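Student: Provided herewith is a single structure, encoded as structure tokens, for subsequent inquiry.
The values are calculated or read from the model by the stated rules, or taken from the named source; none is laboratory data. Keep in mind that what you see is a predicted model, and the values were worked out from it rather than measured. All Cβ positions, glycine included, derive from the backbone under ideal geometry; neighbour counts span all protein chains shown. Side chains are part of the model used for accessible areas, which takes the heavy atoms of the whole protein and leaves out ligands, DNA and RNA. Shrake-Rupley method; radii C 1.70, N 1.55, O 1.52, S 1.80 Å.
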Amino acid sequence: MKRKVTKIVIVLAILVVLVSIFYVVVTMAADRGRPYYENAGKIVWDIKTEEKIIALTFDDGPHKKYTNEVLDLLNKYDAKGTFFVVGEQVEKNPEVILRMYEEGHELANHTYSHPFKSTVPQLMEEIEQTNDAIFSITGYAPKLFRPVEGLYTDALIEEVVKDGYKVVMWSWHLDTEDWKDPGVKRIVDTVLKGSRKGNVVLFHDGGGNRKQTVEALSQILPALQKEGYKFVTISDLLQVQQKSKVQQENASKS
């Protein structure tokens, strides 16, 4: 009986050790949390501001058809967007990239092949490939990066920031999930009901059929414009954030 109890105790002790090791590994592989990265200025999700501004972002393009349709709508409503482009698609659609750049939209990096699993060195190589592709067409090298599916680790953030990039996520309540084809109404409702000052909206202009995204955008843009919103790039948003920070610091000194 004593031997049996001893064995159980040993097994439980081993399990506790394994669970502890697993917890440490998972914690190290995860991230330090949103407050840490926001305070450190390494990642932005959205900003606090009293200005009626909002950033529309688009992932996975460019696409010859859908990105051009998105650009047509943005121009119609004097809106600027930020496009997190995939290097492979950049090389396939150089004329679309050039159009984005010349019309004043912001180009940003979303890896070269959109890998769902990859090492940090491989991702850094993909980021460089994409930037090279964009630069070869526009002469512009983006400094904004969005990880695939918004997944990242401390190690990735450290390397990306070391290379001079700012990591951009999105307002969690404004993920339209348009890649799932949820229906135009759902996309529209998500954005119109959830939009607040300083928010970042996530759309997709590539990676599949984006007909619903285009149709939803044709309703979202005039509706938000009627509410007094101005559509700005991520860099514009960050400038407003920095200006507000400086004003607060000056106010605290006076």
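Student: Tell me, what HN-Hα J-couplings in whole Hz come from the Karplus equation 6.51 cos²θ - 1.76 cosθ + 1.60 at θ = phi - 60° for each residue of the range 43-56, using x for Gly and Pro?
Tutor: The phi angles translate into 10, 10, 9, 6, 10, 9, 7, 9, 7, 7, 10, 8, 10, 9 Hz.
Student: Could you run the Karplus curve 6.51 cos²θ - 1.76 cosθ + 1.60 with θ = phi - 60° over the range 106-117 and give me ³J(HN,Hα) per residue in whole Hz, x for Gly and Pro?
Tutor: 9, 9, 9, 9, 9, 6, 8, 10, 6, x, 7, 9
Student: Right, here's the next one. Rank these by accessible area, largest first, 1.4 Å probe: E126, E149, E177.
Tutor: Working: E126 25, E149 115, E177 60 Å².
Sorted descending by solvent-accessible area, the residues read E149, E177, E126.
Student: Taking amide H positions as placed 1.01 Å from N in the peptide plane, with prolines and chain starts having none, which residues 5 or more places from V85, or on another chain, fall under 5 Å of its amide H?
Tutor: Here the answer is A108, N109, H110, since their amide H atoms fall under 5 Å of that of V85.
Student: Further question on the same structure: K230: accessible area at probe 1.4 Å, nearest 10 Å²?
Tutor: About 130 Å², ignoring ligands and nucleic acids.
Student: State, as an integer percentage, the relative contact order of the chain based on alpha-carbon contacts under 8 Å between residues 6 or more apart. Let's see the in-between values first.
Tutor: Values: 402 pairs, mean separation 73.4, N = 254.
Rounded, it is 29 percent for the chain.
Student: Say the dipole of the chain comes from +1 at the beta carbon of Lys and Arg and -1 at that of Asp and Glu; which of I43, A223, G206 then lies farthest toward its positive end?
Tutor: Comparing the listed Cα positions along the dipole, I43 ranks first.
Student: In nm², what is the average projected area of the convex hull enclosing the Cα atoms of the chain? Intermediate values should be presented prior to the final figure.
Tutor: Values: hull surface 76.7 nm².
Computing the convex hull of the Cα atoms and averaging its projections yields 19.2 nm².
Student: In whole percent, and with a 1.4 Å probe on the protein chains, what portion of the accessible area of the range 92-227 is carbon and sulfur?
Tutor: Working: 3250 of 6240 Å².
Answer for the range 92-227 is 52 percent, counting heavy atoms of protein chains only.
Student: While we're looking at this one, here's another question. According to the square roots a ≥ b ≥ c of the eigenvalues of the Cα gyration tensor, what is the shape class of the range 150-254, taking rounded for a/c under 1.5, prolate for a/b larger than b/c otherwise, and oblate for the remainder?
Tutor: Numbers: a/c = 2.82, a/b = 1.38, b/c = 2.04.
Oblate.
Student: While we're here: Between the DSSP loop rule and a limit of at most 12 other Cβ atoms within 10 Å, which trypsin sites (Lys or Arg not before Pro) in the range 76-136 are left?
Tutor: Values: sites: K76, K80, K92, R99, K117; in loops: K80, K117.
Here the trypsin sites (Lys or Arg not before Pro) that fit, given the DSSP loop and packing criteria, are K117.
Student: Magnitude of the Cβ-charge dipole of the range 79-182, K/R +1 and D/E -1, about the Cα centre, nearest 20 debye?
Tutor: Approximately 180 debye in magnitude.
Student: Here is a further query. Would you mind checking the tilt of helix 211-226 against the longest principal axis of the Cα atoms of the chain, expressed as 0 to 90 degrees and rounded to 10?
Tutor: With both axes taken from Cα atoms, the answer is about 70 degrees.
Student: Please state the relative contact order of the range 115-219 as a whole percent: Cα pairs under 8 Å, 6+ residues apart?
Tutor: Reported as a whole number, the value is 22 percent.
Student: Could you rank K42, K185, K197, K180 by how accessible they are, 1.4 Å probe, largest area first?
Tutor: Numbers: K42 35, K185 145, K197 75, K180 110 Å².
So, going from the largest accessible area down, we get K185, K180, K197, K42.
Student: Related question: In degrees between 0 and 90, to the nearest 10, how far off the longest principal axis of the chain does helix 184-194 point, with axes built from Cα atoms?
Tutor: 80
Student: On a 1.4 Å probe surface of the protein chains, which of H63, H105 comes out largest in accessible area, and what is the full order? Present the calculation step by step, with values, prior to reporting the outcome.
Tutor: Details: H63 60, H105 10 Å².
So the residues, ranked largest to smallest area, are H63, H105.
Student: For the range 57-189, calculate the relative contact order in percent as a whole number, restricting contacts to Cα pairs under 8 Å that are 6 or more residues apart.
Tutor: On the way: 173 pairs, mean separation 26.5, N = 133.
Relative contact order, the range 57-189: 20 percent.
Student: Among rounded, prolate and oblate, which fits the range 52-154 when a ≥ b ≥ c are the square roots of the eigenvalues of its C-alpha gyration tensor, a/c under 1.5 means rounded, and a/b larger than b/c means prolate?
Tutor: Numbers: a/c = 1.98, a/b = 1.51, b/c = 1.31.
Since a/c reaches 1.5 and a/b is larger than b/c, the shape of the range 52-154 is classed as prolate.
Student: Per-residue accessible area for S252 at 1.4 Å probe radius, Å² rounded to 10?
Tutor: For S252, the solvent-accessible surface is approximately 90 Å².
Student: Please go through the residue pairs K76/K162; K180/K245; K52/K162; K76/K180; K117/K230; K76/K197 and name each one whose alpha carbons sit more than 29 Å apart in this structure. Could you put the intermediate results ahead of the total?
Tutor: Numbers: K76/K162 38 Å; K180/K245 38 Å; K52/K162 32 Å; K76/K180 26 Å; K117/K230 36 Å; K76/K197 22 Å.
With Cα atoms farther than 29 Å apart: K76/K162; K180/K245; K52/K162; K117/K230.
Student: Enter the accessible area per residue of the range 203-254 (Å², integer; probe 1.4 Å; all protein chains in place). Walk me through the numbers on the way to the answer.
Tutor: Working: 2930 Å² over 52 residues.
Per-residue accessible area for the range 203-254 comes out at 56 Å².
Student: Now, a different point. Heavy-atom accessible area per residue, the range 77-140, 1.4 Å probe: how many Å²? Don't skip to the end; give the middle numbers.
Tutor: On the way: 2920 Å² over 64 residues.
With the other protein chains kept in place, the range 77-140 gives 46 Å² per residue.
Student: Which of G33, L107, T57 sits farthest toward the positive end of the charge dipole of the chain, with +1 on the Cβ of Lys and Arg and -1 on the Cβ of Asp and Glu?
Tutor: Selected residue: G33.
Student: Using only helices, what value at 222 nm comes out for the chain when you add -39,500 (n - 2.57) per DSSP H run of length 4 or more and divide by the total residues, to the nearest 500 deg cm²/dmol?
Tutor: Numbers: 10 runs with 136 residues, N = 254.
Result for the chain: -17000 deg cm²/dmol, rounded to the nearest 500.
Student: Moving on. G206's amide H: which non-local residues (gap 5+, or another chain) put their own amide H closer than 5 Å, with H modeled 1.01 Å from N in plane and none for Pro or chain starts?
Tutor: Excluding prolines and chain starts, which carry no amide H, the hits are D59, G61.
Student: What are the residues whose amide H is under 5 Å from the amide H of I53, where those residues sit 5 or more places off or on another chain and H is modelled from the backbone?
Tutor: Placed amide hydrogens put G198, K230 under 5 Å from I53.
Student: Between helix 66-76 and the chain, what is the angle of the helix's C-alpha long axis to the longest principal axis, kept within 0 to 90° and rounded to the nearest 10?
Tutor: 50
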